[in-house]
Structure formats: C-alpha cells, structure tokens
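A quick write-up on the structure given underneath.
The values are calculated or read from the model by the stated rules, or taken from the named source; none is laboratory data. From a predicted model like this one, the values you see are computed outputs, not experimental measurements. Here the Cβ positions follow ideal geometry from the backbone for every residue, glycine too, while neighbour counts run over all protein chains shown. When the accessible area is computed, the model is the full protein with side chains, heavy atoms only, and any ligands, DNA or RNA have been set aside. Shrake-Rupley method; radii C 1.70, N 1.55, O 1.52, S 1.80 Å.
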Amino acid sequence: MKQALETIRRTADELIAAAADERAVEDLRVRFLGKKGELTAILKQMGKLSAEERPVVGALANEIREEITEQIALRTKALADAALTARLASETIDVTLPGNRPAQGMRHPFEQVLGELKQIFLGMGFDVVAGPEIEYDHYNFEMLNMPKSHPARDTQDTFYITENMLLRTQTSPMQIRTMEAQKPPIRIICPGRVYRSDAVDATHSPIFHQIEGLVVDKDITFSDLKGTLEVFIKKLYGEDTKVRFRPHHFPYTEPSAEMDMSCFKCGGKGCSMCKGEGWIEILGCGMVHPKVLENCGIDPEVYSGYAFGIGLERITMMRYGIDDMRLLYENDLRFLRQFK
Ligand code: DAH
C-alpha cells in the first residue's frame, strides 16, 4: 500500500507540473483527490491493514494529500500569472502611432442660419414654437381670411390628404394656433417645413422652409414691425444693410408689405445676384388683419399686432452666395463640407 501511495505521489507530481491549463489541473485534482479519486480508493482499503501499519499509512496518505493540494494551488497560480503576462504582452498599445481621427460632421447651412436667426429673435424676447406639417384647411386657409373661393389659394396649391387636411403651404397657420392657445402679449417665431405643388428648379422646391413671426399686444404699430425686422436683417447681414418696404397684399394682414434688403453682394449698385436691382426681396409682412384677430377671440379694438413670413432657403442662399437651391437638398458632402 505504501508503494501504491508513493506511485500516486510521483505521478501526481509529474502530471501537475506538466498541466497546460487550469482545466487540466482541475481534471488532475478530481483524478487524485476526488471522491472517486485514486487516493480515496487507497484510503478505503485501510481497514485491511494491521493496527500498527494503519497510522503509518494514514499519516503518509495525509502528507501526500497536502502535497498534491499545495502543488495544484501553485500550478493554478503559475498558469494564471503566465496568462496575464501573455495578455499584457499581446495588448500593448504603441502610443506613438498616429491616431484615427473620428469623423466630425457639421450642421447643415440651413441649421446654421436658423440657429443665428433664433438667437437674434430670442434676444428680442420672442419664443420659438413648432406646429404640425399636416394641417387642417381651416388653419392653413380659412382662419387666415382665405375661404374656399379665394384667388390667393391658386398660388398655394398643395398635397391634400383629405378634403380638409393638407400639407401646410405656409407657417402662417401657427399664428392662428398660437392666438387660440395663448392670450396677448404674444411674441413668437415658428420655423418649419412647408409644401407646395411646385416643380423643382434653381429657386423652387415642393418642400421648403419658412419662419413665421407674430407679435400681438396693446399699441403695436407698423413702426414696431419695421424696427424689429430692420434690426433682424442688420444682425444677420451686417450693420450697413439697408431695408425697404413695398406695399403688397396678403389676405391676413392689413396693410401688407414686402421687405427688400440691399444686395449683400454689390451693396446696392446692381449685380447678377440682384439682377441689376440693387435690392433683394426677403420677406412678406403686415399688420394682423382685424378679422384674423377676431377669428381667434382677440378684440381688435384693444389689441393690434404684426406678422411676417421669411423663406429660410432665400436667406441661407443670400448668406452664403449659393445660386442654386437644389444644392441645399442634395446632401452632396463636397458641397456641405464648405460650410464647416
Ligand atoms: N405666408 C406668406 C407666404 O407664404 C408669407 C407671409 C406674408 C407671412 C405676410 C406673414 C405675413 O405672416 O404677414 O408667402
């Protein structure tokens, strides 16, 4: 029996030292020390020994068990250390290598100009609101003094979803929605997408953007309109920019006007950008029609207001000297990267 124990000691010694990984070490632990292991098998036969032999063999068996246990622990630690060393070696980072520059995007020219515009109006105490692009005929036309038979509707043909629902042709319906939801004083701008059944060319697109403005309070006059819009244009295009107002007609303002600014390219002398005029049309505006105020439950005897509608495409093109609107929608990176 002593011999058998010595054989176990030797074999375990060799095999554990040679075990290649933790799994192999575990297998050896089961093989020698497990319930059905070789050492246990020997101990089970102790009963056959004489009373003198038993303690001697028992002591030897315990000694061997401790030895194997210790060796297993040592081997397991050695293997773990080696694995860590190997990992550290294989994962070294060469900090002197050039890095990969992460691709950095930039905001679309629309967003850049819109961002500036919002800042200007926020600075003058306006709120920025948003509204639905699928709109009721009621808000897009009716409440703005454009009943079903009104000729002004001809210029704003759009995409109808039902007879009473359409893709909004202008951001002006947000004037009505705002006045219905909120009593004066009102000071808002509303940027957003609008739709018309127009064919695409250098200055038209069936989807484009407007920024609506609305101010309603006591004692609001045309001077407030002029002053505010002049400050806005000067902030966006520079202090030397001049503006002029021409009489116009919109069904929801009275009086109405169109505002021109002096050409940002030639300063008013006349060039290809302004088609020799020196002036560029930039927005429509006017004093909110008393009927529109009444439609929204605001007393035109007490309150007055002004409104304006700016085309975002136009002011963006002016800002950067872009001569074809299609460039703004094509998402050609060679074009967009110029606005970084
Ligand atoms: N809604 C007009 C358009 O689409 C622009 C406009 C003109 C808006 C005058 C206004 C305004 O609020 O007062 O052409």
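Summary of computed values
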quantity: Of Ser149, Ser90, Ser256, the one that fluctuates the most in a GNM where the chain has Cα springs shorter than 10 Å; calculated: Ser90
quantity: Order by protection proxy (mean Cβ within 10 Å, highest first), peptides 290-296, 82-88, 105-111, 188-194; calculated: 188-194, 290-296, 105-111, 82-88
quantity: Column: log10 I(q)/I(0), Debye, Cα scatterers of the range 109-339, q = 0.07, 0.10 Å⁻¹; calculated: -0.22, -0.46
quantity: Convex hull volume of the range 138-198 per residue (C-alpha atoms, cubic angstrom); calculated: 92 Å³
quantity: Sequence-distant residues sharing a close amide H with Asp127 (under 5 Å, placed H); calculated: Arg187, Ile188, Ile189
quantity: Long-range HN-HN contacts of Phe250 with modeled amide H, under 5 Å; calculated: Ser256
quantity: The range 165-256 - accessible surface per residue (Å², probe 1.4 Å); calculated: 44 Å²
quantity: Tyr160 - accessible surface, heavy atoms, 1.4 Å probe, Å² rounded to 10; calculated: 110 Å²
quantity: Carbon and sulfur %, accessible surface of the range 39-86 computed with the full protein complex present, 1.4 Å; calculated: 62 percent
quantity: Accessible area (Å², per residue) of the range 44-117, counting only protein heavy atoms and a probe of 1.4 Å; calculated: 75 Å²
quantity: Accessible surface of the range 109-339 [probe 1.4 Å, protein heavy atoms]: carbon and sulfur percent; calculated: 50 percent
quantity: Estimated [θ] at 222 nm from DSSP helical runs (n ≥ 4, -39500 (n - 2.57)) normalised by residues in the chain, nearest 500; calculated: -12500 deg cm²/dmol
quantity: Bridge type composition, the chain - antiparallel percent by DSSP, nearest 5; calculated: 95 percent
quantity: Mean separation of Cα contacts under 8 Å, 6 or more apart, over the residue count of the range 245-297: relative contact order %; calculated: 36 percent
quantity: Rounded to whole Hz, the Karplus (6.51, -1.76, 1.60) HN-Hα couplings of the range 289-298, x for glycine and proline; calculated: 4, x, 5, 5, 4, 4, 3, 9, x, 10
quantity: Protein-only accessible surface order, largest first, of Ile134, Ile93, Ile207 at 1.4 Å; calculated: Ile93, Ile134, Ile207
quantity: Unmatched cysteines, the chain - criterion: no other Cβ of a Cys under 4.7 angstrom; calculated: Cys190, Cys285, Cys296
quantity: Highest average packing first - 27-34, 306-313, 324-331, Cβ atoms within 10 Å; calculated: 306-313, 27-34, 324-331
quantity: Among the listed pairs Lys226/Lys291; Lys148/Lys291; Lys235/Lys265; Lys148/Lys183; Lys118/Lys183, those beyond 18 Å (Cα-Cα); calculated: Lys226/Lys291; Lys148/Lys183; Lys118/Lys183
quantity: Positive-end extreme of charge dipole, the range 109-339 - chosen from Val231, Phe208, Thr253 (charges on Cβ); calculated: Val231
quantity: In Hz, Karplus ³J(HN,Hα) per residue of the range 174-186 (6.51, -1.76, 1.60; θ = phi - 60°; x = Gly, Pro); calculated: 6, 4, 5, 4, 5, 5, 6, 8, 9, 8, x, x, 10
